[in-house]
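Take a look at the structure below.
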Amino acid sequence: MSGETVGHRTLIATMGFDERHVLPSLRLMPYDRLVLVAGRETFQSPGFRRLKVLEPGLRTVRVDPFDLMGALESIRETIRRAAGDGPVRISASGGTKILTNAAILAAFQEGVEAWYCDPDPVRLPVLRGVSLAAAFSPAEGAIALALHGPIRYDRLVAAVTARAFARRTVLGAIRSLAAKGLVEFERDDGTVLVRPSPRFALFRDQLREVPIKT
Amino acid sequence: MTVLFGTLGWRPQSLLPSIRSTENLERVVFYHSDHAKSREARSKVMEFCRALGVTANAIEVSDAYDLLHVAGQIRADVRKDRAAGADLRFNIAGGTRLMSSAALLVCILEGIPATYVHDETYQEIALPLLRISYGEGLTAKQRDVLSFLVRNRDKDFTETALAKALGVHKATMNHHVRELEAKGAIARLSDPADARRLIVKPTPGMELLVG
């Protein structure tokens, strides 16, 4: 496919007990390395054994297929490791609903091509190379580092401007984080406090990945 | 006021925790299949909403096996409520895998806070989604080019024709096309009638990104 770098092509596929949900992906997507993401019981199933006969070199990643956040983290990690070797594609057609959703979410967060083949192939509108970390500016990353709990607005601005950001940039970044639903404001005795929203913790990893001025 | 969207399968318990936990809940809109057990679950959710005095709209999805069709339908509904000024939430826990994934896709693309409900504990779990449209991963110019190509999917455009149609210089269009191609949003394909010409086409599914 055009626009991709040459290298080891990895296909990461989710799987349940029935390998027939995975086979259309293997037929439609060229790959050099196959990684199967599934729950423990899948790896003991006849479907997996049949697939292993077809693809003896396949690698496996074991997840809890009923834990969306845990599966999401495992798939993201798998994508990152594979991305160093070449293009990565996701097939999210097999396994539990939760595992499928984790794979879709991981593909969007890491910016890798994702397909749903059950049975007809549907390509999901993921922008290749556009990861979640790209949604944050360096100033937003610096704010995230300074934000551990409620903090006075002016103190937060001072802390981040001290890291060589213009005041206007910092104010814009605070507004942007609020629009993204990651920080909230509260008034306390005439003072404005900025605090991380309950969703902030869900993005702490991505915010840490944003390149920050030193 | 908040409108809660949801997907429903056979178990009303997958949706009820979100109805209970949503502040300023004005309305519940949920999608379910035409399976008898799903209709049974719909009745229970409707009854629960009636008891709370909350308006509920149940939408039966006749073909719950077409991902992009279901996603397109859900997206049209959420956009209508968003345009009316409502805050939106989405519970993607119930329904078929395809229905739930279609809902997740819409939440990612539209930046809607989404939750799922744990199968055993019925605890609501927030998904890591930003309140921004996924299409913002493209520049305004890239969005213009992609929207134009999606609207005219049935026509063939070379880069030069595309530049002319959108009133930009060829070199500028080449830059946008290369950027869009690198992101996998478009592909340059050989013209079957003239192998020297490259036709620019949006990749499948891009309707959902800019439509």
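The values are calculated or read from the model by the stated rules, or taken from the named source; none is laboratory data. As the structure is a computational prediction, the values presented were derived from the model and not from experiment. Please note: Cβ atoms are built from the backbone with ideal geometry, for glycine as well, and neighbour counts cover all protein chains shown.
Checking A:Leu207, A:Leu182, A:Leu105, A:Leu177 one by one, the residue that is buried (at least 22 other Cβ atoms within 10 Å of the Cβ), of a type in the set (A, V, I, L, M) and modelled with pLDDT under 90 is A:Leu207 and no other. All of A:Ile98, A:Ile75 fail the test of being assigned to a helix (DSSP H, G or I) and under 12 Å from A:Met15 (Cα atoms), apart from A:Ile98. Scanning segment B:169-187 for residues that are surrounded by fewer than 17 Cβ atoms within 10 Å (Cβ to Cβ) and over 15 Å from B:Leu138 (Cα atoms) returns B:His169, B:Lys170, B:Ala171, B:Thr172, B:Asn174.
Just one of the listed residues (A:Val122, A:Val126) is closer than 20 Å to B:Leu104 by Cβ, free of Cβ contacts under 8 Å to residues at least 60 places away in the same chain and either among the polar types (S, T, N, Q) or assigned to a strand (DSSP E or B) (or both), namely A:Val122. In this structure, A:Asp120 does not qualify as surrounded by fewer than 22 Cβ atoms within 10 Å (Cβ to Cβ), more than 26 Å from B:Ile112 (Cα to Cα) and touching a strand residue (DSSP E or B) at 6+ places or on another chain (Cβ under 9 Å). Screening B:Asp154 with (1) away from chain A (no Cβ under 14 Å); (2) touching a residue at least 12 places away in the same chain (Cβ under 8 Å); (3) acidic (Asp, Glu) gives one miss only, at (2).
For segment B:130-151, the tally of residues that are crowded, with 18+ Cβ neighbours inside 10 Å and either within 8 Å of chain A (Cβ to nearest Cβ) or part of a strand (DSSP E or B) (or both) stands at 4.
Look at A:Thr78 and say whether it is in contact (Cβ under 8 Å) with a residue 40 or more places away in the chain and in contact with a helix residue (DSSP H, G or I) (Cβ under 9 Å, 6 or more places away or on another chain). So A:Thr78 fits the description; yes. Test B:Ala114 against the criterion of being in contact with a strand residue (DSSP E or B) (Cβ under 8 Å, 6 or more places away or on another chain), within 10 Å of another protein chain (Cβ to nearest Cβ) and touching a residue at least 60 places away in the same chain (Cβ under 8 Å), and give yes or no. Taking the combined requirement at face value, the residue does not satisfy it. Out of all the residues in segment A:173-187, is one or more within 11 Å of A:Ile143 (Cβ to Cβ), more than 14 Å from chain B (Cβ to nearest Cβ), out of contact with any helix residue (DSSP H, G or I) (no Cβ under 6 Å at 6 or more places or on another chain) and outside any loop (DSSP other than H, G, I, E, B)? So far as segment A:173-187 goes, yes, one or more of its residues are within 11 Å of A:Ile143 (Cβ to Cβ), more than 14 Å from chain B (Cβ to nearest Cβ), out of contact with any helix residue (DSSP H, G or I) (no Cβ under 6 Å at 6 or more places or on another chain) and outside any loop (DSSP other than H, G, I, E, B). Just to be sure, is A:Ala135 over 23 Å from A:Ser74 (Cβ atoms), out of contact with any strand residue (DSSP E or B) (no Cβ under 8 Å at 6 or more places or on another chain) and not β-branched (Val, Ile, Thr)? Answer is no for this residue.
Per-residue answers, yes or no, for (1) farther than 22 Å from A:Val126 by Cβ; (2) assigned by TED's automatic domain parsing to the domain that holds B:Ala187; (3) out of contact with any helix residue (DSSP H, G or I) (no Cβ under 8 Å at 6 or more places or on another chain):
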position	(1), (2), (3)
B:Glu120	yes, no, yes
B:Gln123	yes, no, no
B:Pro128	no, no, no
B:Val145	no, yes, no
B:Phe148	no, yes, no
B:Asp154	yes, yes, yes
B:Phe157	yes, yes, no
B:Ala161	yes, yes, yes
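Among the residues making up segment B:32-60, those that are closer than 17 Å to B:Thr2 by Cα and part of a strand (DSSP E or B) are B:Thr55, B:Ala56, B:Asn57, B:Ala58.
Residues satisfying the criterion are absent from segment A:133-148 (criterion: farther than 22 Å from A:Asp205 by Cα, surrounded by fewer than 16 Cβ atoms within 10 Å (Cβ to Cβ) and not assigned by TED's automatic domain parsing to the domain that holds A:Gly16). Residues in segment A:10-33 that are surrounded by fewer than 19 Cβ atoms within 10 Å (Cβ to Cβ) and part of a loop (DSSP other than H, G, I, E, B) were compared, and the one that is modelled with the lowest pLDDT is A:Asp18.
Quick test for you: out of A:Val61, A:Val88, A:Val37, A:Val53, pick the one residue that is crowded, with 17+ Cβ neighbours inside 10 Å and either more than 30 Å from B:Arg178 (Cβ to Cβ) or aromatic (Phe, Trp, Tyr) (or both).
Answer to the selection: A:Val37.
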